[in-house]
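The values are calculated or read from the model by the stated rules, or taken from the named source; none is laboratory data. This is a predicted model, so every value here is computed, not measured. Cβ: placed from backbone, ideal geometry, glycine included. Neighbour counts: every protein chain shown. For the accessible areas, the whole protein counts, side chains as well, though only heavy atoms, and no ligand, DNA or RNA atoms are used. Shrake-Rupley method; radii C 1.70, N 1.55, O 1.52, S 1.80 Å.
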Amino acid sequence: MPTVYVELVGTLRHHIGKRSLNVSLPEHAMIVSLVKDLEENHGAPGGLLADCDREVARLKVLVLVNGIEISVLNGVKTSLKDGDSVTFVPVSHGG
């Protein structure tokens with residue numbers, strides 16, 4: 001069971017109540033799995049990070065895995081492995 005380190009930037013940390021957390025995920029987890037886990041188990045308000053109502057999740061935030069923005073990886077289907085670092089950044093995060 002992989003564990004990933006999640007960092008929440010800007011207003012996201014206020015909504016979720018933490019600056020960072022470690023999240024254990026099932027094998028073969030992807031970004032979309034992490035988003036759903038944050039909503040179901042870690043207090044992220046539904047719809048804060050993504051619109052998951054449809055078959056394809058649409059992110060509302062920037063997501064980096066190990067410092068690389070996921071749009072250059074495999075988007076919401078980017079696989080996560082044990083020890084990965086995932087950063088969620090609101091689109092309007094200020095300076």
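Scan the chain and hand back the longest stretch that contains none of the trypsin sites (Lys or Arg not before Pro) lying in DSSP loops with at most 16 other Cβ atoms within 10 Å.
Details: sites that count: Lys18, Arg19, Arg54, Lys60, Lys81.
With a cap of 16 other Cβ atoms within 10 Å, the longest stretch comes to 20-53.
Looking only at the chain, where both bridge partners belong to it, what percent of the DSSP beta bridges are antiparallel (to the nearest 5)? Before the final figure, lay out each step's value.
Values: 15 of 19 bridges.
Bridges in the chain are about 80 percent antiparallel.
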Open item on the list: With a 1.4 Å probe and all protein chains kept in place, how do Leu48, Leu73 rank by accessible area, largest first?
Closed with: Leu73, Leu48
Task: P(r), alpha carbons of the chain - 5 Å bins starting at zero, rounded % - done: 3, 14, 27, 30, 20, 6, 1, 0
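Expected output is a single nm value to one decimal: the length gained when fully extending between Ile68 and Ser85, i.e. 0.36 nm times separation in residues minus the C-alpha distance. What is it? List each step's numbers first, then the result.
On the way: separation 17, 0.36 × 17 = 6.12 nm, distance 1.00 nm.
Answer, rounded to one decimal: 5.1 nm.
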Open item on the list: Using protein chains only and a probe of 1.4 angstrom, how many square angstrom of Glu40 are accessible, to the nearest 10?
Closed with: 140 Å²
